[in-house]
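Please read the structure below before turning to the comments.
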Amino acid sequence: MPNPRLPYLVEKVKKLPYEPGVYIMRDKSGTVIYVGKAKALRNRVSSYFHSVEKHLEKVYSMVMNVYDFDYIVTDSEFEALVLECSMIKQYNPKYNILLKDDKGYHYIRIYPPKWSRITAEKQRDEAEAQYIGPYMSSYVVRETVDEVNRAFQLPTCGKQFPQDFRKGRPCLNFHIKQCMGVCTGKISAEEYQEVLDQALDFIKGGSNETMKLLQQRMEQAAENLDFEKAARYRDRIRAIERIHEHQKVIFTKADDLDAVAAAQNGDTVCIVLLKIRQHRLVDKQEFMIGQSESLEQARREFLLRYYTGAGGSDVPKTVALDGDCLEMELIARFLREKLGKKVELTVPARGDLKKLVEMARNNASQRLSHETAHSGREIAALDELARLLGLPHPPEYIEAYDISNIGSDTVVAGMVVYENARPLKSAYRKFAIQTVVGTDDYASMREVLTRRFRRYHEEQELGTPFARLPDLILLDGGAGHLSAALPVLAEAGVSVPVFGMVKDNRHKTRAIAATGGEIAISSYRSAFTLVSAIQEEVHRYSIQYSRSKHQKSSFELALTQVPGIGPGRAKALYRKFKTRKAMEQATLEELCAAEGMTKPAAEHLYEFLHQPEGEA
């Protein structure tokens with residue numbers, strides 16, 4: 001039901017100044033439901049109350065609940081940004097992005113007593129257990145537990161000690177030196193406790209202190225000629241070093257960095273933040289966000305909410321983003337002044353930083369895949385394709401077209417549809433070219449798209465596949481096909497991004513044709529794989545139709561050689577039986593029942609269909 005207050009709100013907007021400021025939307029009870037900033041208040045606020053039905057669902061819902069609004073004029077856009085952040089923090093409005101990291105508290109548990117294991121837990125549920133924590137990050141807890149168990153060769157199996165001493169052979173971890181082999185019964189309780197204490201020192205004091213202590217104990221054992229004990233210390237030192245080497249492979253140059261990336265699927269946006277501290281990946285945080293006007297807007301709101309909230313106590317020197325952010329320079333200035341330190345916002349184009357934000361984006365795609373029925377690979381492909389083509393959102397619904405012909409008499413087109421990166425075969429459509437004489441691919445493509453969008457306007461109320469506009473159109477061809485298509489869409493009054501799929505001389509996808517030239521795609525693996533699959537599928541579908549049409553045309557021509565059957569009766573027979581095989585399986589009576597058939601013509605046809613193979 002439309003908001004009955006809209007006329008009042010529209011009139012009130014006309015009194016707003018064209019100056020920077022903050023606007024505050026309230027519901028009927030006076031509760032603040034949205035706070036935003038504007039460079040020009042009248043322009044921004046008026047956009048909410050015009051063409052309401054075109055808003056995203058989240059914005060539409062907010063507008064339907066607005067009873068009144070207030071505004072505060074500021075001297076500059078920067079002051080408006082500062083005030084916006086302050087008011088969002090104060091009111092926590094329903095329709096602003098509210099960052100909720102879905103993690104609770106996490107603990108490192110040391111249990112059971114005497115032969116204790118080190119595990120990651122979400123609850124403190126054992127009275128006798130020792131706990132280290134709480135930690136906000138489950139990632140930190142899991143990584144720490146894995147590291148310490150590997151470095152100190154602590155058991156992670158399900159055996160109980162001392163009950164299971166010498167019962168069966170040691171497991172694989174013992175043989176690959178990832179477990180000291182407590183189950184063999186050769187490790188005393190005192191020795192085990194010493195190793196456990198070292199592991200706990202590692203967790204509490206950090207690796208540097210533990211390394212120094214282990215180095216001292218190794219040297220002392222060697223001086224005492226206890227070479228077996230010295231070798232054990234040496235192995236622990238090497239294990240810790242291997243862990244560090246593995247971590248440094250992740251990122252080696254920056255010592256203070258956050259990588260922030262966003263992925264989108266339908267109405268849901270996921271933002272992942274990877275923290276690099278002292279050259280190590282120390283944390284991963286995931287934030288599920290509802291609808292946003294764009295990924296650029298989502299990044300803007302995330303940066304402001306996160307670094308003025310939960311992340312404000314640990315802001316790095318550099319924040320690397322996977323894409324553009326609205327008001328990036330303004331936000332960087334705001335963070336510098338708010339936090340009293342230099343903060344650089346950057347969108348890396350190459351190198352280690354680029355790889356790191358791609359890692360964050362892949363993690364965001366994987367998280368979205370858990371929230372939906374789609375795989376992380378599909379989400380990543382659509383997300384990457386949107387970035388490559390400059391689309392505002394990942395294209396959920398893609399239509400692809402190809403023209404195919406076998407000679408000038410059989411020119412057809414195929415349309416295939418991919419929904420959420422998967423073929424939607426129920427929406428595939430075939431077109432027999434009707435108005436083009438000869439083999440003119442460009443004219444044929446114009447005819448196909450004209451017919452398609454005519455059907456769009458005619459079938460709006462019917463809910464057919466043609467009644468839905470695609471998010472993206474891909475044409476099997478280059479710049480020529482693109483030039484042929486664009487005027488058709490303009491004439492039809494539809495706004496859909498259109499690109500061509502360019503093949504190399506081996507008929508494999510090479511690039512994407514855009515209005516400004518070709519876009520190289522081979523280095524974008526996920527997008528390349530998806531576009532290649534679409535191009536192969538639309539080619540297969542159109543050529544299959546072309547061949548069947550050609551065979552049908554040839555057989556129709558052959559039917560006209562049968563006494564009593566002309567072009568009209570040949571078409572009528574095909575309308576009734578659809579295929580040659582069905583015609584061959586029909587009885588004489590069924591052939592005679594076809595439109596316009598006579599018994600003599602049916603008898604001649606039956607004879608023709610069942611003549612011995614090879615006979616003319």
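The values are calculated or read from the model by the stated rules, or taken from the named source; none is laboratory data. The model shown is predicted, which means the values in this text are computed figures rather than measured ones. FYI the Cβ positions are ideal-geometry reconstructions off the backbone, even for glycines, and counts take in every protein chain you see.
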Checklist entry - Is at least one residue of the range 589-606 closer than 19 Å to S548 by Cβ, out of contact with any Leu (no Cβ under 8 Å at 6 or more places or on another chain) and part of a helix (DSSP H, G or I)? => result no
Checklist entry - Give me the pairs: first residue in the range 473-484 and at positive phi, second residue part of a loop (DSSP other than H, G, I, E, B) and at pLDDT below 90, beta-carbon distance under 8 Å, and six or more apart or on different chains, which are they? => result none
Checklist outcome for this item: Only one of (1) under 30 Å from S86 (Cβ atoms); (2) of a type in the set (D, E, K, R); (3) surrounded by fewer than 14 Cβ atoms within 10 Å (Cβ to Cβ) does not apply to R350, and that is (1)
Item to check | Filter result (surrounded by fewer than 19 Cβ atoms within 10 Å (Cβ to Cβ), in a helix (DSSP H, G or I) and at pLDDT below 75) within the range 548-569 | outcome: S548, H550, Q551, K552, S553, S554, F555, E556, L557, A558
Item to check | Within the range 463-525, strands (runs of 3 or more DSSP E) holding 1 or more residues that are under 25 Å from the mean Cα position of the chain (by Cα) and loosely packed, with under 14 Cβ neighbours inside 10 Å | outcome: 517-520
Checklist entry - Only one of E57, E77 is farther than 30 Å from D146 by Cβ, in contact (Cβ under 8 Å) with a residue 40 or more places away in the chain and touching a Leu at 6+ places or on another chain (Cβ under 8 Å); which? => result E77
Checklist entry - Among the residues of the range 264-286, is any surrounded by 22 or more Cβ atoms within 10 Å (Cβ to Cβ), modelled with pLDDT of 85 or more, closer than 27 Å to E337 by Cα and not aliphatic (A, V, I, L, M)? => result no
Item to check | Odd one out for S365 among (1) hydroxyl-bearing (S, T, Y); (2) at pLDDT 85 or above; (3) closer than 27 Å to G266 by Cβ | outcome: (2)
